[in-house]
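K.L.:
Here it is: the structure, laid out below.
The values are calculated or read from the model by the stated rules, or taken from the named source; none is laboratory data. On a predicted model such as this, the values are computed, not experimentally measured, just so you know. Virtual Cβ from ideal backbone geometry, glycine too; neighbours counted across all protein chains shown. The protein model used for the area step is the full one, side chains on, heavy atoms only, and it has no ligands, DNA or RNA in it. Shrake-Rupley method; radii C 1.70, N 1.55, O 1.52, S 1.80 Å.
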Amino acid sequence: MSLAHETVASLRRRLAKKEIKSREIVTDLLKEIDAREKTIHAYTHIDRETALKAADEADLSRPLGGVPIALKDNLNANGDPCTCSSKILEGYKAPYDATAVARLRQAGAVFLGRTNMDEFAMGSSTENSALGVTRNPWDSSRIPGGSSGGSAAAVAGRIALAALGSDTGGSIRQPAALCGCVGLKPTYGRISRYGLVAFASSLDQVGPLTRTVEDSALLLSSLAGHDPRDNTTDSRSAESFLAKPTHSVKGLKVGLPKEYFIPGMDAETEQAVRAAADWFQKNGAEIKEVSLPLTPSAIAVYYILATAEASANLARFDGVRYGRRAADPKDVLDLYQRTREEGFGPEVKRRIILGTFVLSAGYTDAYYRKAQKVRGLIRQDFEKAFQGCDLLLTPTSPEPAFKLGERTQDPLKMYLADVFTISVNLAGTCGISLPCGFTKSNLPIGLQLIGPRFGEEKMLQAAHAYEQSHDFWRRMPPI
Amino acid sequence: MSTNGKWEAVIGLEVHCQVRTATKMFCGCANQYGDAPNTHVCPVCLGLPGSLPVPNEEAIRKTILTGLMLGCQIAPVARFDRKNYFYPDMPKNYQISQYEDPLCAGGSVGLDLFQFPKELQESDEAQARRKIRLVRIHLEEDVAKSFHFEERSGIDFNRAGTPLMEIVTEADLRTPGEAFAFLGSLRQILWAGGVSDADMEKGQLRCDVNISIRPVGEAKFGTKVELKNLNSISGVRRALVYEIARQIDVREKGGSLVQETRRWDDNAGATFTMRTKEQAHDYRYFPDPDLLPVRTDRGLQAAAQTSVPELPSEMQERLIRDFGVTAYQASVLTADRVLCGYYEKAAAATKNKAAVANWILNDFLSTQPDPATTPVKPEYFAELADLVTAGKINSAQGKKVFAELVTNPASPHEIVKKLGLEQISDTGALATMCDEAIAANPRSVEDYKAGKMNAINALKGFVMKKSQGKANPVQIDEILKQKLGG
C-alpha cells in the first residue's frame, strides 16, 4: 500500500521503528501527485527537490520528524512563494517563516508544497483563486469547499498527508466536510497568526487538515502556544492533545442548537448528523436541545466585521514595496488604482468596498459598531450554552459539495455556505469537522463538534471516540 | 505683534514628539536616527504580508510619564486604533494610533518666562505666565520618510514605526510669542523626564498649528486654518505672525476665510493653500484587533510614577528660594540638569550660594566646559566665593584665580598661594602706603580737597600699583578719605 494512504500517526510510528524512511513517504506522495494532481489541482507550488532533501535531513526524534506537510498559500515560509492565490502577490517570496511554519519545522516536518485557496481566503469554494479552481476528489465536477479547498482536496485525495489551512468563517471546517477529512479551527489565540497573511484579524486562525482526529491532535500539539510576536495569542503554554485517548463519551453533555436544524435543510445531511447524535446518546452522552438565538444575525455580523478588518488588512497591497506593480504609473494615485484594479479579483474587491463602506463616516455607527455589539451577544449565546453543555453538535455545512460554477454569479448565496461555521469564529471558540456519512452519490457529509474557548482536549476526545467507532474516515475517494 | 487691538488670535497646537526608546513602537528594530536608509527595518515596520504589531512597553511608560509631568489623567484602559489612509510613506496604509481611548487626557503646560523670545520677556504676555490647557496625549507610530530626487522618489523606512506622542492643546494660545514659549517650555519638560530629545531639526518634534481670528470680545470662534510644514520653533512664530496678518487683512477687506490647510514656506515667508475641508480624509477609525487593550492600572502607571522628575518650574522655584539665584539663572540651570547638578554640588559647600552661581554661570560657562567631565571640581567655586567674601582676595584677584583655575585646575587656596595673591588688609601697612601715595601725588590731593571726588582714584591706583594689586580696595578708600579729611 502506498505510504501516501496512511496517517501521520502510523507513519511516525514506522519512522521511529526505522521501518521506513521519510524519503519513501515523499516519493510515494509525489507518485500520487503525478497521477491525480492534474485533475484535482490542489497545489499552487510543489518543490520536489527541496522536499526530498529535507526528508533526507529530517530529525526523526522530533514529534513530526520526517512527515511531509502541505501549506496553504497564505502562510509565509522563508524563501518560498506566498501568493494567497492572488495576482497581486505573483512573484512574491516570503522573507521569513510564519510562527506556525517555524514550529512545524522545529517539530521536524518536511514541506512538500503550497495549496490553492480562495484569493486572500475570501470564499467558500476555492473558485475565487486567480490560479485556477481546485476540484473535489470525490466528484471532479464539484467544489472542494473553501477557502482552504486546496488543503482539504489534497488530504482527501491522498496527495498530501496533512496540510495547514486557515479558518476565518469556516474555511478549514467547511472544505474538510465537503472533502471528507478532518478540519480543526482552534480557539482564537491558541495558534499564532504571525506570518499568516491577514484577512480578518479578530477571526482568523491557523489550523490542521488531516485524515484523522489523532493526526489533528498531533499537529495541534506542535502548533499551539503563546507567541510573543502575536499580541492576541493566549498566555497559556502549549499542551499535548489527545495524549491519552479515552474512546468514551459517557457522561458528556452534548447540545444540539435548534437553529442549526432548520426545516428544508438538506435531508441527507440532517439524517447523517442526527444519526451521529444518536450514536453519542447510545454511548452514554446526554443529548439536549439548546438555543443560540442570535444565529440568524451571524452572517450579517460576519460580513460587516470581517470585511471592515479586511479593508484595512489589504490596504498594504499597493505596488509600492512588494508584489505586483502596475506598469508605467503616471502618479501615485494611478499606481494605487491600477495595481489594485489589476491585482485583485472581483470577490476581494467586493469585500474591500463593503468593508470600507461599513467603516465610513456616517455609517460606522449603524453598521460596524452595531455589528460589534451583536458579536458580543453571539459570544454570550455560546457562553450560556456551554454552561449546560460540554460540546455542541451540528452539521458543518448546510449541504454537500455543489457544482463548480453553480454559485459564482450569486455571492450572497455563496455566503450562506458558512452559516453553521461562522458563529464559532465570531465567538472565538474551537470547532472541528469530521466525516459522519456519505450521500447516495458518495459525497461526504461533515459533522461539527464545537467546544468552549480552550476546550480542544474534550472536543478532540469526543471526536476521536466517534471517529474510531465508524469507518467513514477509511473511505477513499474514487481514485 | 499687532492685531490692531480689534482682533484676537486663537491658536491651538498639535505637537508630535518622538519618544526616546531602544526599539520601535511595534517591533524590535532599533529606534535610531541617521543611519543608512532601510537598515533598521523588518517585516513588521515594512508592512509585509502576515506581520503583526506588538506594543513597546517603554514607549507606553514614557507617555504615561509625560502625562504625569503635565498633570493629565491617565486612562486605566487605553486602546490602539487603526487610522486608515493611503500614502507612500505608510507601510500598511493605515497608521496604528489612538482615537477614542488615549493614554492621557487633560493636563497643562505653564509658559516659562525665559522660553519667550528675549525681546518679549519684559512684556505683559510673558510676565503673565499663563497655563496652556491640553486636550490629550496619545501614542502612535511614525511614518516613513520620503526623499524626492530629480526623476524618482525614495522612501526610507528607518523612521517608520518610531513611537510618536501626539500632544494636543486647547485653543488657549493667543500670540505667536506664546506659541514659541509653549514649545520651549514643553521641550524643557520632555528633557527633564528623559522622554525625548525633541530636536525639531531631526524631526523629533513636529508641530502643526490651528489658527483663527475673531473680533475682540466675541466668544464665537472664527474660521480655523491649519498650518503645516513648520520646521523650527522660530518658524512656528514667523508663520503665525504672517498668517494672523493675512487673516486680519482678509476680514478687514470684507472677505471671508476658507477652512483649509495651508503650507508654510519659510523661504517665501508666506502660507499657501494645501487642501480644503472637502478634500479632508475620512480615517474610518476602528480599534486595532491585533492589539490588546493596555491596562495602565496593573503596574505601568506605578512604574512611570517612580520616574517623575522635579519639573523645570519646581526646580526654578527651589533654586531661587533655597539658593538665592536670579530667575534667569534658575532658568539656565533647569535647562541643563548636569550643569545644575554641578552647581548644586558647589553651592552645598558654601553659604555664598548666589556668588557661586555668578562664578559658574557668568564666568565658567563662557569657557564652554563639560560639567560632567571637567577637572574643575565644583567645590573650587565654593572656595573661590568664600575667599572673596572673606576679603582674603579682592574681586580683581578673584578673576586672576579663576583664570588660573580653568587652565590648571587646583584648589583656589593653593592658587592664591602659588600666585602670591593674598590681599593686604593689615591697616598699618596700608596706612604707610597711603601716606606714600599722598606724598607722591600732591596735585591729586589738591584736586580732591578742591572738590573733585574722582581725584582720589589716582591715589588709589598708586597704592594698588605699589601693593601689586593686593591692597584691599575698600580699606584704602577709607584710609585715604580719613587722611585727606574728606
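K.L.:
Out of the residues in segment B:288-318 that are outside any helix (DSSP H, G or I) and within 14 Å of another protein chain (Cβ to nearest Cβ), which is farthest from residue B:344 (Cα to Cα)?
P.N.:
Let us first name the residues in segment B:288-318 that are outside any helix (DSSP H, G or I), namely B:288-295, B:299, B:306-311.
From what is left, the residues that are within 14 Å of another protein chain (Cβ to nearest Cβ) are B:288-295.
Numbers: B:288: 48, B:289: 51, B:290: 49, B:291: 46, B:292: 45, B:293: 44, B:294: 40, B:295: 39 Å.
Among those residues, the one meeting the criterion is B:289.
K.L.:
Select from segment A:354-369 the residues that are open to solvent by 60 Å² or more (accessible area, probe 1.4 Å) and touching a residue at least 12 places away in the same chain (Cβ under 8 Å) and write down the one among them that is nearest to the other protein chains (Cβ to nearest Cβ). Before you say what the answer is, go through the steps one by one.
P.N.:
To start, the set of residues in segment A:354-369 that are open to solvent by 60 Å² or more (accessible area, probe 1.4 Å) comprises A:354, A:357, A:361-363, A:365-367, A:369.
Next, only the ones that are touching a residue at least 12 places away in the same chain (Cβ under 8 Å) stay: A:354, A:367.
Details: A:354: 13, A:367: 11 Å.
The residue in question is A:367.
K.L.:
Within segment B:63-82, identify whether any single residue is part of a strand (DSSP E or B) and within 11 Å of another protein chain (Cβ to nearest Cβ), and answer yes or no.
P.N.:
There is at least one residue in segment B:63-82 that is part of a strand (DSSP E or B) and within 11 Å of another protein chain (Cβ to nearest Cβ).
K.L.:
I'd like to verify a number: residues in segment A:217-242 that are more than 14 Å from every other protein chain (Cβ to nearest Cβ), assigned to a loop (DSSP other than H, G, I, E, B) and touching an Asp or Glu at 6+ places or on another chain (Cβ under 9 Å), how many?
P.N.:
Within segment A:217-242, residues that are more than 14 Å from every other protein chain (Cβ to nearest Cβ), assigned to a loop (DSSP other than H, G, I, E, B) and touching an Asp or Glu at 6+ places or on another chain (Cβ under 9 Å) number 4.
Residues checked against (1) touching a Leu at 6+ places or on another chain (Cβ under 7 Å); (2) outside any helix (DSSP H, G or I):
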| site | (1), (2) |
| --- | --- |
| A:19 | no, yes |
| A:39 | no, no |
| A:62 | no, yes |
| A:69 | yes, yes |
| A:79 | no, yes |
| A:96 | no, yes |
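K.L.:
A further question on this structure: Could you list all residues from segment A:398-428 that are closer than 23 Å to residue A:305 by Cβ, open to solvent by less than 10 Å² (accessible area, probe 1.4 Å) and touching an Asp or Glu at 6+ places or on another chain (Cβ under 9 Å)?
P.N.:
A:417, A:421, A:423, A:424, A:425, A:427
K.L.:
Is it true that residue B:58 is open to solvent by 40 Å² or more (accessible area, probe 1.4 Å), touching a Ser or Thr at 6+ places or on another chain (Cβ under 7 Å) and modelled with pLDDT under 95?
P.N.:
No: the conditions fail for residue B:58.
K.L.:
Still on this model: Would you point out the residue of segment B:150-171, among those that are hydroxyl-bearing (Ser, Thr, Tyr) and surrounded by 18 or more Cβ atoms within 10 Å (Cβ to Cβ), that is farthest from the chain's Cα centre (by Cα)?
P.N.:
It comes out as B:162.
K.L.:
Residues that are crowded, with 23+ Cβ neighbours inside 10 Å and closer than 30 Å to residue A:335 by Cβ: does segment B:68-80 have at least one?
P.N.:
Yes, segment B:68-80 contains a residue that is crowded, with 23+ Cβ neighbours inside 10 Å and closer than 30 Å to residue A:335 by Cβ.
K.L.:
Report, by residue number, each residue of segment A:154-196 that is open to solvent by less than 10 Å² (accessible area, probe 1.4 Å), within 14 Å of another protein chain (Cβ to nearest Cβ) and either polar (S, T, N, Q) or assigned to a loop (DSSP other than H, G, I, E, B) (or both).
P.N.:
A:166, A:168, A:189, A:192, A:193, A:195
K.L.:
Can you find a residue that is part of a helix (DSSP H, G or I), modelled with pLDDT of 95 or more and basic (Lys, Arg) anywhere in segment A:318-326?
P.N.:
To start, the set of residues in segment A:318-326 that are part of a helix (DSSP H, G or I) comprises none.
No.
K.L.:
Determine whether segment A:429-443 contains at least one residue that is open to solvent by 10 Å² or more (accessible area, probe 1.4 Å) and more than 30 Å from residue A:34 (Cα to Cα).
P.N.:
no
K.L.:
Among residues belonging to segment B:195-223 that are within 29 Å of the chain's Cα centre (by Cα) and more than 30 Å from residue B:57 (Cβ to Cβ), point out the one that is most open to solvent (accessible area, probe 1.4 Å).
P.N.:
B:210
K.L.:
May I pose another question? Pairs please, first residue from segment A:309-320 and within 7 Å of another protein chain (Cβ to nearest Cβ), second anywhere and in a loop (DSSP other than H, G, I, E, B) and charged (D, E, K, R), Cβ atoms under 6 Å, 6+ apart in sequence or on different chains.
P.N.:
Going by the 6 Å Cβ cut-off, the qualifying pairs are A:316/B:92.
K.L.:
Checking residue A:335 against (1) away from chain B (no Cβ under 12 Å); (2) within 18 Å of residue B:92 (Cβ to Cβ): exactly one of these is not met. Which one?
P.N.:
Checking residue A:335 against (1) away from chain B (no Cβ under 12 Å); (2) within 18 Å of residue B:92 (Cβ to Cβ), the one that fails is (1).
K.L.:
Then there is this: Does residue A:329 satisfy the criteria of being within 14 Å of chain B (Cβ to nearest Cβ) and surrounded by fewer than 22 Cβ atoms within 10 Å (Cβ to Cβ)?
P.N.:
Spelling it out, residue A:329 is indeed within 14 Å of chain B (Cβ to nearest Cβ) and surrounded by fewer than 22 Cβ atoms within 10 Å (Cβ to Cβ).
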